[in-house]
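Quick notes on the structure that follows.
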Amino acid sequence: MKRIRVIRGWKDLSDGDRGAAVAMGSFDGVHLGHQQVIELAARAADDLGAPLGVITFDPHPRVYFRPEEPAFRLMKTDQQARALEKLNVDILYVLPLEPELAGMTDREFATDVLHRGLGARHVAVGFDNSFGKGRSGSPATMRQYGAELGFGVSVAEPVGDGGEKFSSTQVRDALRDGRPEVAAEILGRPFAIEGPVQRGRQLGRKLGFPTANVDLADYVSPRFGVYAVRTRLSDGRQFDGVANIGVNPTVQGVTRPLLEVWLFDFDEDIYDRVIETDLVAFLRPEEKFDSLEVMTEQVTRDADNARRVLSRP
């Protein structure tokens, strides 16, 4: 598989980094609806003999314009790049959403960023895409600017079941409801949390189930509870496991929600290493136990349940 190039910004790019057919959007999750937009750009890239590019923004526009809202991200930039790489995307353009970019009109964005900066030969957008200051740009105005500036434009129609479009909001709602399998259907793969393993009090190890703890950071917060999971290490190995997401009310002192995952048949020091954990199935809500002994007994039952779930075809 060819490696994707991640380019931050749109100014002073080399000729080799310009002239792509691009899909434009936030693409948080790279779900099946997003993939439809990327497919349109891919067809144009093939027709033009151009690289396939994807344009996204950092921070996410919702974070920039509504910073007071709860965390909601479905993936980090590294995860996004890996998902796009699997779709044969050549270039990921990460545009810094700062005052200069945020203050551009839709015409300025099309002219200065898409045309002069990236030298885009084709732009694919979703049917509900908006761009420019005040979200004044639309697929219709993008077609207009493309005709004026010399790049093609294609617009993806809604993709979904029963007439309802797939969206990142649907994925977030499914995760908050404890339905990771529904989220996976929309994403085309399981929702995954990635981050470095934190050093804690090693209570799980003392109780017989060592856990790798990862801060949820900017991720959307799934329903607190216990999940059957699969975790990948940075060296490519994958392990089944059981995980708790929440604040572990039985143990005092936990204030920020954590992913605490027990990897089955694994006993290595992975502190500070980055792991990525797929949420496969929700097993039960988080609860407070009367003692650590009672909690340990339940964790053992949870592990048995997770093994059964993960052994299914």
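What follows draws every value from the coordinates through simple rules; no lab data is involved. Keep in mind it's a predicted model, so treat the numbers as computed, not measured. Methodologically, a virtual Cβ is constructed for each residue, glycine included, from the backbone with ideal geometry; neighbour enumeration extends over all protein chains shown.
Derived scalar couplings between HN and Hα for segment 231-241 equal 10, 9, 8, 5, 8, x, 5, 10, 9, 6, x Hz in order, rounded to whole Hz, by the Karplus curve 6.51 cos²θ - 1.76 cosθ + 1.60 (θ = phi - 60°), x for Gly and Pro. The H on the amide N of GLY195, modeled in the peptide plane, is under 5 Å from the matching H of ILE275, each at least 5 residues off or on a different chain. A helix-only calculation puts the chain at -8500 deg cm²/dmol for mean residue ellipticity at 222 nm, using -39500 (n - 2.57) for each DSSP H run of at least four residues, averaged over all residues. Taking amide H atoms as placed 1.01 Å from N in the peptide plane, the amide H of THR211 lies under 5 Å from those of GLY204, ARG205, each 5 or more residues away in sequence or on another chain. Net charge in the neighbourhood of ASP218 (other residues with Cβ under 9 Å of its Cβ; Lys, Arg +1, Asp, Glu -1) is +2. Cα centroids of segment 280-307 and segment 42-96: 37 Å apart.
Annotation: extensible slack from THR105 through LEU310 equals 68.8 nm (criterion: 0.36 nm per residue apart, minus Cα-Cα distance). Size of segment 5-161 from its Cα atoms: along the principal axes, largest to smallest, the extents are 42, 34, 33 Å. Counting every other Cβ atom within 10 Å of each residue's Cβ, PHE282, PHE266 order from fewest to most as PHE266, PHE282.
Most simply put, the chain has about 60% antiparallel DSSP beta bridges, counting only bridges with both residues inside it.
Comparing mean-square fluctuations of ASP12, ASP215, ASP278 from a GNM of the chain with C-alpha springs under 10 Å, the top value falls on ASP12.
For GLU297 and ARG66, the difference between the fully extended length at 0.36 nm per residue and the C-alpha to C-alpha distance is 78.8 nm.
Each Lys and Arg adds +1 at its Cβ and each Asp and Glu adds -1 at its Cβ; summed about the Cα centre, segment 190-311 shows a dipole of about 140 debye. Cross-link partners of LYS2 among aspartates and glutamates, defined as those whose alpha carbon lies under 14 angstrom from its own and excluding same-chain residues fewer than eight positions apart: GLU85, ASP90. Taking a ≥ b ≥ c as the square roots of the eigenvalues of the Cα gyration tensor of segment 190-311, is the shape rounded (a/c under 1.5), prolate (a/b larger than b/c) or oblate? Rounded. D by Stokes-Einstein for the chain, Kirkwood Rh over Cα pairs, 25 °C, 0.890 mPa s: 117 µm²/s. When DSSP beta bridges are restricted to pairs lying wholly in segment 5-161, around 5% turn out antiparallel. Computing Rg and the Kirkwood Rh from the Cα coordinates of segment 41-121 gives a ratio, Rg/Rh, of 1.01.
If you run the Gaussian network model on the chain, springs between alpha carbon atoms under 10 Å, then out of VAL294, VAL123, VAL113 the most flexible one is VAL294. Rounded to the nearest 20 debye, the dipole magnitude of the chain is 100 debye, with +1 charges on Lys and Arg beta carbons, -1 on Asp and Glu beta carbons, and the Cα centre as origin. Please build a GNM for the chain, connecting alpha carbons under 10 Å apart, and tell me which residue among VAL155, VAL274, VAL30 fluctuates the most. Its mean-square fluctuation being the largest, the pick is VAL274.
Scanning residues 5 or more positions from ARG284 or on other chains, those with amide H under 5 Å from its amide H are VAL226, with H placed 1.01 Å from N in the peptide plane. Principal axis extents of the Cα atoms in segment 81-224, from largest to smallest and rounded to whole angstrom, are 67, 38, 31. Approximating the spin labels as points 7 Å out from Cα along Cα→Cβ, the LEU13-to-ARG189 distance works out to 2.3 nm.
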